[in-house]
Ligand code: PMP
């Protein structure tokens with residue numbers, strides 16, 4: 001057995017951690033088999049507990065855009081750690097990273113740091129409700145905004161992988177304030193506004209969806225949301241936890257030239273440490289405590305190690321003029337190679353891609369929302385996943401996830417991957 005040590009570690013883990021994992025998508029529940037335990041990682045590669053090397057297309061679910069153990073980030077964290085790991089008092093570096101993020105992202109005057117994407121989205125919703133004095137929100141089926149109660153209504157990512165898009169434990173009272181629409185469907189949004197006049201505080205959207213596989217916004221969709229929100233005095237929240245600092249310096253706001261009222265961040269902004277953030281113009285952010293009445297807090301928020309990692313990461317992204325071009329070219333190369341390999345073997349598929357986010361759906365129809373994403377053939381996905389794994393290629397263990405391309409990948413790595421896809425495709 002190749003994964004003897006990983007499987008033994010998994011047996012142990014299950015005795016003390018529910019399901020053996022601290023976040024459900026890490027388990028291989030939907031693809032079968034035991035999860036792989038990682039020992040260390042560098043650049044584009046994972047080194048697992050059984051001595052294998054894997055080319056990594058998950059990259060910690062997005063943060064490691066420059067590769068694992070990226071030296072400037074490691075150096076920043078190590079040197080900060082020598083000086084104390086948490087104070088619960090303000091530090092200068094929090095202003096440094098805030099200033100840089102505000103310079104990179106359009107339309108934000110202030111930013112607050114938290115510890116995860118979940119916290120960022122949860123706080124953004126509270127702020128939107130406090131600012132508008134309204135209670136309802138709209139989210140899209142298949143979008144994931146973290147595991148806070150209001151979002152576990154037709155949620156994507158692990159929630160759908162495990163068949164619990166509506167989690168037990170979320171009260172009816174909470175659920176009734178989350179209204180649902182299909183991604184890319186403006187008619188439904190209009191209908192919701194008409195049915196709930198002056199009641200909708202915010203629309204929260206992944207401006208490029210990544211939690212039902214990758215789904216790009218159709219032309220006019222984000223612009224349509226913007227204008228409907230303006231018409232109804234509703235705030236538009238872009239959840240850029242995945243897309244922020246990944247698709248462009250200024251995220252999807254910059255890429256698609258559509259402005260949001262509140263933007264949430266996670267993943268890349270923390271350089272691989274636990275960081276989230278939410279940001280908006282002054283008028284909105286000044287409603288937050290201690291300036292305003294909307295309460296939000298955190299013992300470890302703005303933690304010096306996390307801020308050091310985030311600042312080193314954002315500095316690299318801000319100064320590397322060709323980064324997004326390189327990522328686009330590498331991902332386009334991979335996209336073309338996978339497409340050719342699957343076509344050569346007559347494997348029915350649709351590939352969705354925006355910049356360095358890409359996903360392979362084993363479905364014939366265009367994948368534009370959760371319903372069309374769910375038409376993908378899961379048995380084919382399972383074979384694809386395990387086939388690639390046997391070839392040393394690690395993709396997310398669910399058909400509802402996106403691949404995240406890192407700049408550490410070389411064209412040789414991409415060719416190795418395409419050759420592996422070619423080999424696996426012949427068995428599908
Ligand atoms: N929003 C989006 C778009 C995400 O992809 C995720 C996590 N994958 C979250 C929010 C939640 O972030 P976290 O897991 O850091 O709580």
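Taken together, the values in this text are just the output of simple stated rules run on the coordinates, not laboratory data. Not measured: the values here are computed from a predicted model. Note that we place each Cβ from the backbone using ideal geometry, even for glycine, and neighbour counts take in every protein chain shown.
As a length-normalised measure over Cα pairs under 8 Å and 6 or more apart, the relative contact order of the chain settles at 22 percent. A simple packing score, the average count of other Cβ atoms within 10 Å per residue, orders the peptides 303-315, 365-377 as 303-315, 365-377, with the highest score first. Backbone N atoms of region 43-69 closer than 15 Å to the 7 Å Cα→Cβ label point of residue 81 belong to residues 69.
Summary of packing: across the peptides 261-272, 75-86, 233-244, the per-residue average of other C-beta atoms within 10 Å ranks them, highest first, as 261-272, 233-244, 75-86.
Between residue 378 and residue 187, the simple spin-label model (points 7 angstrom out along Cα→Cβ) gives 2.9 nm. Our estimate of slack between residue 257 and residue 412, defined as 0.36 nm per intervening residue step minus the Cα-Cα distance, is 52.4 nm.
For the pair residue 180 and residue 133, a Förster radius of 25 Å applied to the C-beta separation gives a FRET efficiency near 0.65, rounded to the nearest 0.05. What the Cβ-Cβ distance of residue 223 and residue 371 gives, at R0 = 25 Å and to the nearest 0.05, is a FRET efficiency of 0.65. From the Kirkwood radius over Cα pairs of region 237-349, Stokes-Einstein at 4 °C and 1.567 mPa s returns a whole-number translational diffusion coefficient of 78 µm²/s. What do you get for Rg/Rh of the chain when both radii come from the Cα atoms and Rh is the Kirkwood radius? That ratio is 0.95, to two decimals.
Give me the distance between the Cα centres of region 69-103 and region 9-49, rounded to whole Å. So the two Cα centres are separated by 29 Å.
Pairwise Cα separations in region 71-319 fall into 10 Å bins from 0 onward with the following percentages, short to long: 8, 32, 36, 19, 4, 0.
Per residue, the chain reaches -11500 deg cm²/dmol at 222 nm when only DSSP H runs of four or more residues are counted, each adding -39500 (n - 2.57).
For 121, 143, 229, what's the fewest-to-most ordering of other Cβ within 10 Å of each Cβ?
229, 143, 121
Over region 1-93, what is the relative contact order in whole percent, taking alpha-carbon pairs under 8 Å and six or more residues apart?
19
Of interest is the spacing of the C-alpha centroids, which for region 356-428 and region 248-315 amounts to 31 Å. Take every DSSP beta bridge whose two residues both sit in region 71-319; close to 35 percent of them are antiparallel.
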